[in-house]
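Here is the structure we will look at, set down as structure tokens.
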Amino acid sequence: VIPKVAAGTLAGPVTLLAYHEPTSAFAEAYRSMRTALTFSTADGAPRVLHFTSAAQGEGKTTTSVSTAINFAQTGASVLLIDADLRSPSLHKVFNVANHKGLVNYLTGGSEPAEVTQPTGVKGLFLMSSGPVPPNPAELLAGGRMVDLASLGAKRFDYVVIDGPPLLGLADALILADVA
């Protein structure tokens, strides 16, 4: 069970509201977005979704988490990836360790199954960022990130990538190409 955290912290009521308050207007808004995504193409929602925004603090993580939770609540299996390698936060949201994660996979030190963990939400799995690297853009631009998105789309119904902001960084553009 995902613990509730005091208001004002990252994992506070807003970030996990879609889980803790499934009948709220907030959760309903994300269900509406999920429905719109589902009907956005003839094949349903895109299998790999990347969320970004112009700057920090605009709701990328809240949107990534809420969308992933909403898809999982339909019975889908979802992989949520923290690809904001400069300022990771999903491990805090789900109150899990961040010793190993995406960075370990991208550098060849781990396999995806070794760095993916349950979140407490049925059907939702997390690949945290792992240690903050000195070269985020270079790691994300490598072929292993593309391979991960492809493998994730085969193993899970949806892959949701929580990315960094666009302004001043190449990372988000690289992830947009991956998605």
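Points worth noting:
- Inter-part distance where the range 38-68 and the range 79-151 are each reduced to a Cα centre, Å: 17
- Based on C-alpha pairs under 8 angstrom that are at least 6 apart in sequence, the chain has a relative contact order of 28 percent.
- Sum of -39500 (n - 2.57) over DSSP H runs of 4+, divided by residues of the chain (222 nm, nearest 500): -10000 deg cm²/dmol
- Kirkwood Rh and Cα Rg combined as Rg over Rh, evaluated for the chain: 0.93
- Candidates 41, 52, 119, ranked by Gaussian network fluctuation over the chain, Cα under 10 Å, top entry: 41
- Solvent-free Debye calculation, one equal scatterer per alpha-carbon of the range 41-103: log10 I(q)/I(0) at 0.24, 0.25 Å⁻¹ equals -1.20, -1.26.
- Distance in nm between pseudo-label sites at residue 96 and residue 154 (7 Å out along the Cβ direction from Cα): 2.2
- Inter-label distance, nm, simple model (7 Å from Cα along the C-beta direction), residue 33/residue 147: 3.2
- Expressed to the nearest 5 percent, the antiparallel share of DSSP beta bridges inside the range 39-179 is 15 percent.
- Dipole moment magnitude, nearest 20 debye, the chain about Cα centre, only Lys, Arg, Asp, Glu C-beta charged: 320
- Overall dimensions of the range 109-179 as given by Cα atoms, namely Rg and Dmax in Å: 12.7, 36
Throughout, read-outs are computed from the coordinates displayed, never taken from laboratory work. A quick note: this is a predicted structure, and the numbers were derived from the prediction, not measured. Methodologically, a virtual Cβ is constructed for each residue, glycine included, from the backbone with ideal geometry; neighbour enumeration extends over all protein chains shown.
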